[in-house]
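Take a look at the structure below.
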Amino acid sequence: MKFAGEVTAVLGRRLLVVKSDAGQLPPLYSEVSDANKRPIGKIVDLYGNIARPYLTVLCNDGVLADVGDSLYVIPGSKPKIPKKLRHVSGYTRDGNSHSPKTGDSRWKKNSRS
């Protein structure tokens, strides 16, 4: 198992702050487990200095972790990157129509004669 980092803080019930090693930085959205190979959660954020990065782990329901616990990346777990809603100006959001909005505009030019 690849070392992900050590828990430095617990925020609420589901968030962990993990101090990671820059040389062994795990990929974003990968699954992590504890030393006993119990699944803990998923890495959802990466921040901090390049030399000392930190990870935010979103824990699964009912999982408890303490400060000082070591976390490891689960081998064979491919990160699933969430698809973002692509918003293009002028297109409808109903999902059925992919054509631009046409017709009435509130910003019509005033013609002076």
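Given the structure, is residue 10 surrounded by 10 or more Cβ atoms within 10 Å (Cβ to Cβ), modelled with pLDDT of 90 or more and outside any loop (DSSP other than H, G, I, E, B)? When the stated conditions are applied, residue 10 passes them.
Being among the aromatic types (Phe, Trp, Tyr) and modelled with pLDDT of 90 or more is a property that residue 91 lacks. Filtered by the rule that a residue be surrounded by 12 or more Cβ atoms within 10 Å (Cβ to Cβ) and more than 12 Å from residue 71 (Cα to Cα), the range 31-55 gives 44, 45, 46, 48, 53, 54. Go through the range 1-24 and give me each residue that's aliphatic (A, V, I, L, M) and within 15 Å of residue 77 (Cα to Cα). Listed by number, the residues that qualify are 1, 4.
Filtering the range 25-55 to residues that are assigned to a loop (DSSP other than H, G, I, E, B), of a type in the set (A, V, I, L, M, F, W, C) and closer than 13 Å to residue 72 by Cβ leaves only 35. For the range 18-28, a residue qualifies if it is in contact (Cβ under 8 Å) with a residue 40 or more places away in the chain and either touching a Phe, Trp or Tyr at 6+ places or on another chain (Cβ under 6 Å) or surrounded by 15 or more Cβ atoms within 10 Å (Cβ to Cβ) (or both), and the qualifying residues are 18, 26.
The values are calculated or read from the model by the stated rules, or taken from the named source; none is laboratory data. Model, not experiment: these values are computed from the prediction. Methodologically, a virtual Cβ is constructed for each residue, glycine included, from the backbone with ideal geometry; neighbour enumeration extends over all protein chains shown.
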